[in-house]
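Trainee: One structure, as structure tokens, below. Some questions next.
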Amino acid sequence: MRKKPTRESVTTIAPDGARHFLQPAIIFGPWWKARRAVAWLLIAFFAALPWIEIEGFPAVFLDIEHRHFHLFGTMLGLSEIWLLFFVITGWGFLIFATTALLGRIWCGWTCPQTVYLEHVFRVVDRLFEGDHVSRAKIDAQPWSEPSKLLRRGGRFIAYLFLCWAVAHIFLAYFISIPGLYPMITDAPLAHPAAFVAMAVATGVLFFNFWWFREQLCLIICPYGRLQSALIDDDSVIVGYDEKRGEPRGKPARDISTGDCVDCRRCVQVCPTGIDIRQGLQMECIACTACIDACDDVMTKLKRPTGLVRYASLRELDGGQTRLLRPRTVLYAALLVIGLIVATVAALRVQPAAFKLSRPPQTELYALSETSVANVFRAKIQNKDEIPRRFFISAQSAGTKVTVLNQSAGMVIAPLTELTLPLTLLVDRQDYRGEFNLILRLRSEDGAISLLQKAHFIGPDPRTLQK
Ligand code: SF4
Ligand code: SF4
């Protein structure tokens, strides 16, 4: 029997501490249909991205093996990984701003856990095991019951297949569809690392959707716990209109009751097993199922809908929701500033990288009869999908510097890196002591120009005149 929700304990833990599996009822209301449309759009987007090619690469391709990250036509190398800082903080501020305004809209509408659990795996549950009453009966049956073995076995296989498919799409983000194909067709031992990654991803997904389910939101996800800090009385949440609903009761028994007929339909449909009439709770993922359920009941009773609805605590208390508040303005401002900085930074990413260092265990300078020489080590990365010819030249204020072997430049293949020794020469007669200079890496077509500062080291010039 289902435990009655209270604010003091979690419904999914039985009094003896064992796990109590919820079997929420389904309500095909307008909010549920809207959420299903969003969920399928998101799933289609997730599945399509590795197939969409932009400039010869998948739209999102995190090529860890070669340390290249392709994002919608832009390629980032490891040296640009700092841009992730803006992505993560931008994401954080976006979540902060939307939570302050619209509560846990992320959880209810777009979180992959909700999207897949509610709109893929629960569909499989209903397909194999029927509605919530039938599923609860199957839960209670012993495994010796053939119909349980058949239905749950079928569901088990369907879950395994779906988790396997999702794991493959996930892997395609890291190895691309053409890279994934031989891994599917070849023997597992031909690609052991990919096979292990796929098996682990399938196993984790299966464990989560088959057994762990809403526990991820209740125990692991920190966002639910953060909501008390991010939400205030003006945040729009899924809430119960206590003023209108109470005192609750059956209409036939007591005509002086509020609009809540205590049918508990809102509790039956809740995927986290709470009673929304007990107020805002950490377990509420704002899935809107209780809105649809209650609206359905109200419509049948010919009463106005909206006893459970999207509203702020202030509105439910009779006041008016304020959208413009210090926290919403602050979060939105931080988000906009972050977006501007990230856009400017991303636009400044060059399709090549140029690094300079001193090779280890070499003399700082070398003297010949005619010149002073310094040897550097140059690392050049061509991040483009076409081969490029590069030249390196030196500029200094007042001292003529020659870069050896640079008249023909060097051709670097697409998406590769070249490390080469770079010898700089200064004629003895021009040498006036140590100096700073700039080395310029230039592509043949002039599209790329990267600078590196360097310091030319040499002896005291007076010693050369002796
Ligand atoms: S569904 Fe509506 S009427 Fe029924 S118990 Fe919930 S709040 Fe009350
Ligand atoms: S209380 Fe309502 S909105 Fe919150 S999780 Fe339960 S059904 Fe979804």
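Trainee: Given the condition within 16 Å of ligand 2 (Cβ to nearest atom), crowded, with 16+ Cβ neighbours inside 10 Å and within 35 Å of the chain's Cα centre (by Cα), answer yes or no: does some residue in the range 255-263 qualify?
Mentor: no
Trainee: Scan the range 161-177 residue by residue and report those that are of a type outside the set (Phe, Trp, Tyr) and assigned to a helix (DSSP H, G or I).
Mentor: 162, 163, 165, 166, 167, 168, 169, 171, 172, 175, 177
Trainee: Quick test of your reading of the structure: residue 344 fulfils all but one of (1) among the hydrophobic types (A, V, I, L, M, F, W, C); (2) part of a strand (DSSP E or B); (3) over 26 Å from residue 234 (Cβ atoms). Name the failing condition by number.
Mentor: (2)
Trainee: Shifting gears a bit: Give the residues of the range 347-378 that are of a type in the set (Lys, Arg), outside any loop (DSSP other than H, G, I, E, B) and closer than 21 Å to residue 74 by Cβ, sorted by residue number.
Mentor: Passing the criteria: only 355.
Trainee: Taking into account only those residues within the range 278-291 that are under 21 Å from residue 247 (Cα atoms) and crowded, with 18+ Cβ neighbours inside 10 Å, which is nearest to ligand 2 (Cβ to nearest atom)?
Mentor: Looking at residues that are under 21 Å from residue 247 (Cα atoms) and crowded, with 18+ Cβ neighbours inside 10 Å, I get 290.
Trainee: Can you name the number of the only condition in (1) of a type in the set (S, T, N, Q); (2) within 26 Å of residue 35 (Cα to Cα); (3) within 14 Å of ligand 1 (Cβ to nearest atom) that residue 328 fails?
Mentor: The failed condition is (3).
Trainee: Just to be sure, is residue 327 away from ligand 2 (no atom under 16 Å from the Cβ), in contact with a Leu (Cβ under 9 Å, 6 or more places away or on another chain), closer than 30 Å to residue 91 by Cβ and not β-branched (Val, Ile, Thr)?
Mentor: It is true that residue 327 is away from ligand 2 (no atom under 16 Å from the Cβ), in contact with a Leu (Cβ under 9 Å, 6 or more places away or on another chain), closer than 30 Å to residue 91 by Cβ and not β-branched (Val, Ile, Thr).
Trainee: Residues 24, 50, 30: which one is touching a His at 6+ places or on another chain (Cβ under 8 Å) and assigned by TED's automatic domain parsing to the domain that holds residue 285?
Mentor: Of 24, 50, 30, the one residue that is touching a His at 6+ places or on another chain (Cβ under 8 Å) and assigned by TED's automatic domain parsing to the domain that holds residue 285 is 24.
Trainee: When you go through (1) modelled with pLDDT of 90 or more; (2) crowded, with 18+ Cβ neighbours inside 10 Å; (3) within 29 Å of residue 92 (Cα to Cα) one by one for residue 230, which number turns out not to apply?
Mentor: (1)
Trainee: Only one residue in 398, 458 is at negative phi and either assigned to a loop (DSSP other than H, G, I, E, B) or aliphatic (A, V, I, L, M) (or both). Which one?
Mentor: Only one candidate qualifies: 458.
Trainee: A further question follows. I'd like the full set of residues that are farther than 24 Å from residue 326 by Cβ, touching a residue at least 24 places away in the same chain (Cβ under 8 Å) and surrounded by 13 or more Cβ atoms within 10 Å (Cβ to Cβ), limited to the range 233-250.
Mentor: Across the range 233-250, the qualifying residues are 238, 240, 241, 242, 244, 245, 248.
Trainee: For the range 287-325, how many residues are within 16 Å of ligand 1 (Cβ to nearest atom) and not aromatic (Phe, Trp, Tyr)?
Mentor: The number of residues fulfilling the criteria is 25.
Let's see how each residue does on (1) without any contact (Cβ under 8 Å) to a residue 60 or more places away in the chain; (2) hydrophobic (A, V, I, L, M, F, W, C):
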position	(1), (2)
117	no, yes
132	no, no
135	no, no
149	yes, yes
156	yes, yes
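Trainee: A further question follows. Looking only at the range 440-466, filter to residues that are of a type in the set (Asp, Glu) and farther than 30 Å from residue 428 by Cβ; which one of those is modelled with the lowest pLDDT?
Mentor: 445
Trainee: Consider residue 206 against the criteria (1) at pLDDT 95 or above; (2) in contact with a Gly (Cβ under 9 Å, 6 or more places away or on another chain); (3) surrounded by 15 or more Cβ atoms within 10 Å (Cβ to Cβ): it satisfies all of them except one. Which criterion is unmet?
Mentor: So the condition that residue 206 fails would be (2).
Trainee: Right, here's the next one. Looking only at the range 420-453, which residues are basic (Lys, Arg) and either under 11 Å from residue 395 (Cβ atoms) or crowded, with 17+ Cβ neighbours inside 10 Å (or both)?
Mentor: 440, 442, 453
The values are calculated or read from the model by the stated rules, or taken from the named source; none is laboratory data. Nothing here was measured: the structure is a model prediction, and the numbers come from that model. Backbone-built Cβ (ideal geometry, glycine too); neighbour counts: all protein chains shown.
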